[in-house]
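A.B. asks: What follows is a structure written as structure tokens; I'll ask about it next.
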Ligand SMILES: [Zn+2]
Ligand SMILES: [Zn+2]
């Protein structure tokens with residue numbers, strides 16, 4: 001899927017292709033039904049009104065899923081959490097649940113995945129339209145399926161009649177063709193609806209579903225309740241079981257995703273979507289948590305495998321925020337001296353970390369799958385279905401642990417924090 005959606009021509013053709021498919025199933029089928037030789041004859045007035053109303057809702061939801069902006073973070077002067085994530089591509093903080101989309105080329109609030117069929121991100125702002133599109137597409141397909149069933153049933157009933165009294169050849173061929181396309185489309189969209197509804201009710205994006213998978217695999221591979229690991233910056237991280245924190249109850253999850261606690265609006269095509277606040281707090285910047293973990297903000301949990309890889313690739317112990325901040329006030333000579341001192345410290349620390357990393361190796365080692373795992377990790381983590389985060393549009397390069405908060409940003413935060421304390 002990723003390879004396909006990556007090709008520029010495919011990206012440009014996806015939306016027109018969906019339109020052609022929708023038009024074919026919606027209107028060509030009605031044209032076939034209007035053939036007088038095909039029992040039980042054209043759609044009744046009621047059938048026609050219901051079907052075409054559903055189609056109108058479908059077209060409109062699709063239009064909005066394609067055109068609504070997936071959201072853009074605008075950073076005012078503000079103090080953000082110093083431990084917060086940082087996107088090196090945007091050169092900006094990365095709020096919780098946001099990911100950098102390589103198609104949209106920016107960080108997207110509550111990114112679910114980049115959908116090739118809408119050529120847009122399914123995100124905090126576009127999710128309601130995407131869900132409505134899937135619901136109307138499926139209900140329309142079920143209705144169409146009922147119309148097909150009526151006609152195939154009539155054919156079966158009249159199977160002993162002389163052929164010249166039956167439907168025209170054109171009607172028969174068209175009926176067979178449209179119902180075949182219908183079957184394939186229904187299956188694909190039905191599966192998509194089920195996974196999307198599940199994500200909606202559990203408040204888990206497609207990307208988070210993979211993070212949960214990955215975390216559970218990491219937990220299973222460990223023999224202890226928790227263990228300490230050392231991050232590429234030399235900081236201590238405790239690896240432990242982290243509960244997915246954003247599931248705050250079925251109704252609250254659904255209301256949060258649709259931006260309204262009025263269920264009557266959830267499937268109304270003209271209803272809006274949650275908006276990303278411009279103030280740097282509230283929806284899109286912070287998320288309600290269920291409080292099952294020992295503290296807030298623990299998601300996503302650290303991934304020992306990713307850290308180990310970051311370590312192998314030479315990203316060890318490069319940063320020490322405190323010394324960098326101290327250095328910012330030193331003379332050039334003093335900075336050189338401080339640098340030398342740090343180099344020595346790094347050398348010592350590196351040996352210590354390598355020893356710990358080998359320990360982590362033990363949890364993965366000797367199951368015979370190591371080599372293929374290693375390969376997988378180099379190209380990004382793969383779940384049981386062989387899917388990568390990359391397949392959902394995530395820029396994996398922007399998801400690494402070496403996302404460094406630049407020194408200028410740290411200074412700005414420290415300044416912000418100080419002035420805040422002064423007040
Ligand atoms: Zn970004
Ligand atoms: Zn995107």
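A.B. asks: Mind ordering 168-180, 96-108, 25-37 by average Cβ neighbours within 10 Å, highest first?
C.D. replies: Numbers: 168-180: 15.0, 96-108: 21.8, 25-37: 16.7.
The peptides rank, most packed first, as 96-108, 25-37, 168-180.
A.B. asks: Counting only Cα atoms, I'd like the Rg/Rh figure for segment 23-80, Kirkwood definition for Rh.
C.D. replies: A ratio of 1.42.
A.B. asks: On to the next question. Ratio of alpha-carbon Rg to the 2.2 N^0.38 Å globular estimate for segment 94-218, to two decimals, please.
C.D. replies: 1.54
A.B. asks: Continuing with this model, one more query. Gain in length, residue 69 to residue 149, computed as 0.36 nm per residue apart minus the alpha-carbon separation, to one decimal in nm? Before the final figure, lay out the partial values.
C.D. replies: On the way: separation 80, 0.36 × 80 = 28.80 nm, distance 3.96 nm.
In short, 24.8 nm is gained.
A.B. asks: Further question on the same structure: Rounded to a whole number, what is D in µm²/s for segment 62-156 from Stokes-Einstein with the Kirkwood radius over alpha-carbon pairs (4 °C, 1.567 mPa s)?
C.D. replies: Numbers: Rh = 15.8 Å.
It diffuses with D of about 82 µm²/s by this estimate.
Just so you know, all these numbers are worked out from the coordinates, no wet-lab data involved. Keep in mind the model is a prediction, meaning the values are calculated, not measured. Backbone-built Cβ (ideal geometry, glycine too); neighbour counts: all protein chains shown.
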